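S.K.: This is the structure I want to talk about, given as structure tokens.
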Amino acid sequence: MPPEVAELAGRLFDLARRGSSWLLDYVDAGAPIDLANGSGDTLVMLAAYHGHDGLVRGLLARGADPDRPNLRGQTPLAGAVFKGERAVAEALLAGGADPDAGVPTAREAAAMFGSELAALLPPRAP
């Protein structure tokens, strides 16, 4: 990867971590919506893990995959449940996130950590 591309990608990941809406401008200009770092964390994963529900909603509205796991099998919803980020979990669920995707699943994470967010998760599909 050319250094300038790596530098831009690094800036995009930082914008996701900080919850900056400038990230949406980059996506609108053509940055890959499901860009992932070396750990497999996507922009929506980083925004979710750091509690930025507005940015999560914006990324999902632009087509971000709500269930794409990182290299450890974790999904944005499981991360939000682990961190106790209610607004982020609500945004992900509204955006179609599957509570049974990933390892551990959001449902399993809620059970493991006794999270009150378990009540947000829809019943398991038959």
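The values are calculated or read from the model by the stated rules, or taken from the named source; none is laboratory data. Remember, predicted model here, so these are calculated numbers, not experimental data. Ideal geometry is used to build each Cβ from the backbone, glycine not excepted, and the neighbour counts take in all protein chains shown.
S.K.: Go through region 103-115 and report how many residues are assigned to a loop (DSSP other than H, G, I, E, B) and either touching a Ser or Thr at 6+ places or on another chain (Cβ under 6 Å) or free of Cβ contacts under 8 Å to residues at least 24 places away in the same chain (or both). Explain how you work it out, then say what you get.
M.R.: Taking region 103-115 and keeping what is assigned to a loop (DSSP other than H, G, I, E, B), we get 103-105, 114-115.
Now narrow it down to the ones that are either touching a Ser or Thr at 6+ places or on another chain (Cβ under 6 Å) or free of Cβ contacts under 8 Å to residues at least 24 places away in the same chain (or both): 114.
Here the count works out to 1.
S.K.: Okay, moving on. Condition test on D100, is it surrounded by fewer than 19 Cβ atoms within 10 Å (Cβ to Cβ), over 14 Å from the mean Cα position of the chain (by Cα), not in a loop (DSSP other than H, G, I, E, B) and not β-branched (V, I, T)?
M.R.: Details: surrounded by fewer than 19 Cβ atoms within 10 Å (Cβ to Cβ): yes; over 14 Å from the mean Cα position of the chain (by Cα): yes; not in a loop (DSSP other than H, G, I, E, B): no; not β-branched (V, I, T): yes.
No: the conditions fail for D100.
S.K.: Regarding P32, is this residue assigned to a loop (DSSP other than H, G, I, E, B) and buried (at least 23 other Cβ atoms within 10 Å of the Cβ)?
M.R.: Values: assigned to a loop (DSSP other than H, G, I, E, B): yes; buried (at least 23 other Cβ atoms within 10 Å of the Cβ): no.
So P32 does not fit the description; no.
S.K.: Does any residue in region 56-77 that is closer than 20 Å to V103 by Cβ come within less than 6 Å, Cβ to Cβ, of a residue that is hydroxyl-bearing (S, T, Y) and outside any loop (DSSP other than H, G, I, E, B) six or more places away or on a different chain, and which pairs are these?
M.R.: Close Cβ pairs satisfying both conditions: R68/T42.
S.K.: All but one of (1) within 14 Å of the chain's Cα centre (by Cα); (2) surrounded by fewer than 23 Cβ atoms within 10 Å (Cβ to Cβ); (3) under 18 Å from R17 (Cβ atoms) hold for G38; which doesn't?
M.R.: Only one criterion in (1) within 14 Å of the chain's Cα centre (by Cα); (2) surrounded by fewer than 23 Cβ atoms within 10 Å (Cβ to Cβ); (3) under 18 Å from R17 (Cβ atoms) is unmet by G38, namely (1).
S.K.: Go through L60, L71, L92 for me and flag whichever is closer than 22 Å to P32 by Cα, part of a loop (DSSP other than H, G, I, E, B), out of contact with any strand residue (DSSP E or B) (no Cβ under 8 Å at 6 or more places or on another chain) and among the hydrophobic types (A, V, I, L, M, F, W, C). Give the derivation first.
M.R.: Values: L60 fails: part of a loop (DSSP other than H, G, I, E, B); L92 fails: part of a loop (DSSP other than H, G, I, E, B).
Result: L71 is the single residue among L60, L71, L92 that is closer than 22 Å to P32 by Cα, part of a loop (DSSP other than H, G, I, E, B), out of contact with any strand residue (DSSP E or B) (no Cβ under 8 Å at 6 or more places or on another chain) and among the hydrophobic types (A, V, I, L, M, F, W, C).
S.K.: Of the residues A31, A94, A110, only one is more than 15 Å from the chain's Cα centre (by Cα) and more than 29 Å from M1 (Cα to Cα); which? Break it down into steps so the answer makes sense when it comes.
M.R.: Details: A31 fails: more than 29 Å from M1 (Cα to Cα); A94 fails: more than 15 Å from the chain's Cα centre (by Cα).
Only one candidate qualifies: A110.
S.K.: Anything in region 1-19 that is under 16 Å from M45 (Cβ atoms) and of a type outside the set (F, W, Y)? List them, or say none.
M.R.: Taking region 1-19 and keeping what is under 16 Å from M45 (Cβ atoms), we get 9-10, 12-19.
Across region 1-19, the qualifying residues are A9, G10, L12, D14, L15, A16, R17, R18, G19.
S.K.: Right, something else. Hey, any hits in region 9-19 for a residue that's without any contact (Cβ under 8 Å) to a residue 12 or more places away in the chain, in a helix (DSSP H, G or I), under 23 Å from G84 (Cα atoms) and among the acidic types (D, E)?
M.R.: Taking every residue of region 9-19 in turn, at least one turns out to be without any contact (Cβ under 8 Å) to a residue 12 or more places away in the chain, in a helix (DSSP H, G or I), under 23 Å from G84 (Cα atoms) and among the acidic types (D, E).
S.K.: If you don't mind, there's one more thing I want to ask. Does region 18-38 contain any residue that is modelled with pLDDT of 95 or more and closer than 28 Å to A119 by Cβ?
M.R.: Checked region 18-38: at least one residue is modelled with pLDDT of 95 or more and closer than 28 Å to A119 by Cβ.
S.K.: Taking A118 as the residue in question, decide whether it is out of contact with any Leu (no Cβ under 9 Å at 6 or more places or on another chain), surrounded by fewer than 20 Cβ atoms within 10 Å (Cβ to Cβ), in a helix (DSSP H, G or I) and not aromatic (F, W, Y). Let's see the steps before the verdict.
M.R.: Working: out of contact with any Leu (no Cβ under 9 Å at 6 or more places or on another chain): yes; surrounded by fewer than 20 Cβ atoms within 10 Å (Cβ to Cβ): yes; in a helix (DSSP H, G or I): yes; not aromatic (F, W, Y): yes.
Against the criterion (out of contact with any Leu (no Cβ under 9 Å at 6 or more places or on another chain), surrounded by fewer than 20 Cβ atoms within 10 Å (Cβ to Cβ), in a helix (DSSP H, G or I) and not aromatic (F, W, Y)), A118 qualifies.
S.K.: Here are some conditions: (1) closer than 24 Å to R11 by Cα; (2) surrounded by fewer than 23 Cβ atoms within 10 Å (Cβ to Cβ). A80 meets all but one. Which one does it not meet?
M.R.: Of everything listed in (1) closer than 24 Å to R11 by Cα; (2) surrounded by fewer than 23 Cβ atoms within 10 Å (Cβ to Cβ), A80 misses just condition (2).
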